[in-house]
Amino acid sequence: MTAPATRRQLSIAAFMMRHGHHVAAWRHPQTDLDSNPFKVFRQQVRNAEAACLDAVFFADSLALTGNIPSLEPLTLLSALAASTEKIGLIGTATTTYNEPYTVARQFASLDQLSDGRAGWNLVTSDNAAEAANFGRDQHVAHAERYARAREFHQVVTGLWDSWQDGALVNDKAGGVLADPSRIRKLDHRGEHFAVAGPLNVTRSPQGRPVVVQAGGSEAGRDLAAATAEVVFTAQPTLAGAQDFYRDIKRRVADKGRHPDALKIMPGLFAVVGASQAEADDKFGELQSLIEPKAGLALLGRMIGNFDLSGYPLDGPLPELPETQDGQRSRQQLLTNLAQGENLSIRQLYERIAGGRGHFTVIGTAQTVADQIEAWFEGGAADGFNFMAPALPGGLDDFLALVVPELQRRGLFRTAYTGTTLRDHLGLQEY
């Protein structure tokens with residue numbers, strides 16, 4: 001029986017990576033290494049749109065990581081905007097190695113090109129290798145990165161609000177293109193930035209691009225509660241996800257915002273099969289392709305930009321100082337995992353080789369849907385950011401098997417009811 005249409009429904013985004021999220025995805029026999037990456041992404045995003053997903057999401061790094069090339073996300077998303085009609089388009093831009101006017105203009109332009117489907121993933125850069133590409137000997141310290149991010153967000157949103165509704169008149173007969181009284185200069189002067197404005201891009205159908213964040217540290221949570229509309233988070237357990245969900249929603253309310261003004265969407269790494277045995281075999285094949293150097297490099301970066309090559313792979317994780325240039329929340333998560341289960345370095349990188357510390361499910365469509373429903377109904381998530389193990393098969397399995405099961409349960413839409421990303425997510429327009 002189909003559930004009532006009024007039932008609260010999930011938000012689902014697809015977190016896209018060139019080969020997939022598993023560290024060995026590029027070695028999978030079905031992974032296409034030769035085609036133009038855009039053609040691969042275009043087909044996958046069109047498939048996600050056909051399944052009515054809220055959005056696709058592209059992370060970014062301003063340094064070569066793991067020898068895996070990656071396209072600049074705003075360029076890619078602009079091309080995808082012309083190749084799709086409804087699905088949201090979320091891209092990453094760091095506040096540490098960018099300027100706010102540039103970021104505001106880029107995302108406002110994407111929002112215009114896509115008729116209101118853009119989202120900005122605001123990050124502070126956890127990859128210390130980026131610093132050297134911008135003339136710095138050291139990465140910007142954690143506290144300074146977040147102080148800069150707060151002001152950066154203030155400037156970007158102020159620029160997005162430069163053009164009021166009705167500012168663009170388009171009166172040919174009267175000779176009036178725009179009403180200057182409805183175009184506001186920003187004249188911002190702060191600790192980190194001085195920006196005059198106004199922005200030279202008009203408002204989009206959704207008013208502003210959606211602001212997304214992924215910080216889990218104390219500073220990250222506080223910034224998200226004050227500014228974000230969607231939070232992507234790494235939460236491997238239901239209990240931990242429930243604690244995070246309650247904490248963020250409380251902080252949002254303390255900032256004077258309605259708790260529903262922010263959607264919490266944990267990452268979900270799922271390998272789906274027609275049977276449990278098939279799912280296990282799919283995952284096992286990927287695990288068998290892990291190169292120790294790649295696994296160790298992944299763990300070192302994820303745990304705070306530390307070089308672990310001098311430690312025995314089958315020995316315990318060493319005690320590490322608190323990271324100054326990486327993700328403190330992810331460092332704590334991985335340290336707790338290693339200590340709680342007495343994992344060696346090899347066992348720890350094998351554990352995170354796919355989900356990187358995110359919620360992981362290996363099983364049938366019913367099993368995956370059961371877990372999604374339990375988290376959604378149990379106060380742990382408003383939706384999920386799906387992390388395909390490998391492309392194209394991993395995403396296609398999820399779309400073909402899990403999404404129909406969620407739709408059958410009344411947990412996910414069967415058709416888009418709006419046109420903007422804010423419509424899909426149920427967020428207010430500006």
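The values are calculated or read from the model by the stated rules, or taken from the named source; none is laboratory data. Everything quoted here is computed from the prediction, not taken from an experiment. Please note: Cβ atoms are built from the backbone with ideal geometry, for glycine as well, and neighbour counts cover all protein chains shown. In case anyone asks, the SASA skips ligands and DNA or RNA and just uses the protein heavy atoms, side chains included. Shrake-Rupley method; radii C 1.70, N 1.55, O 1.52, S 1.80 Å.
Observations on the model:
- Checking each residue in the range 123-162 for being aromatic (F, W, Y), within 30 Å of Y430 (Cβ to Cβ) and surrounded by fewer than 23 Cβ atoms within 10 Å (Cβ to Cβ) picks out only Y146.
- Within the range 289-311, being of a type in the set (F, W, Y) and either open to solvent by 80 Å² or more (accessible area, probe 1.4 Å) or over 21 Å from A128 (Cα atoms) (or both) holds for one residue alone: Y311.
- Conditions (1) at pLDDT 95 or above; (2) touching a strand residue (DSSP E or B) at 6+ places or on another chain (Cβ under 9 Å); (3) assigned to a helix (DSSP H, G or I); (4) not acidic (D, E): number failed by A369: (2)
- Residue among V252, V230 that alone is over 24 Å from L334 (Cα atoms) and of a type in the set (A, V, I, L, M, F, W, C): V252
- Subset tally (residues that are at pLDDT 90 or above and crowded, with 16+ Cβ neighbours inside 10 Å) for the range 312-330: 1
- Residue within the range 278-296 that is without any contact (Cβ under 8 Å) to a residue 60 or more places away in the chain, touching a Gly at 6+ places or on another chain (Cβ under 8 Å) and of a type in the set (G, A, S) present: no
- Among residues of the range 344-372, those that are free of Cβ contacts under 8 Å to residues at least 40 places away in the same chain and either surrounded by 18 or more Cβ atoms within 10 Å (Cβ to Cβ) or among the polar types (S, T, N, Q) (or both), counted: 5
- First in the range 104-127 and at positive phi, second anywhere and aromatic (F, W, Y) and open to solvent by 10 Å² or more (accessible area, probe 1.4 Å), Cβ under 9 Å, 6 or more apart: S125/Y97
- Highlighted here are the helices (runs of 4 or more DSSP H) found entirely within the range 261-353 that include at least 1 residues which are more than 30 Å from V402 (Cα to Cα): 292-302, 328-341, 345-352.
- Residue that is out of contact with any Pro (no Cβ under 6 Å at 6 or more places or on another chain), open to solvent by 10 Å² or more (accessible area, probe 1.4 Å) and closer than 27 Å to L296 by Cα, where the choices are L74, L62: L62
- K39 being of a type in the set (K, R), open to solvent by 10 Å² or more (accessible area, probe 1.4 Å) and in contact (Cβ under 8 Å) with a residue 60 or more places away in the chain: no
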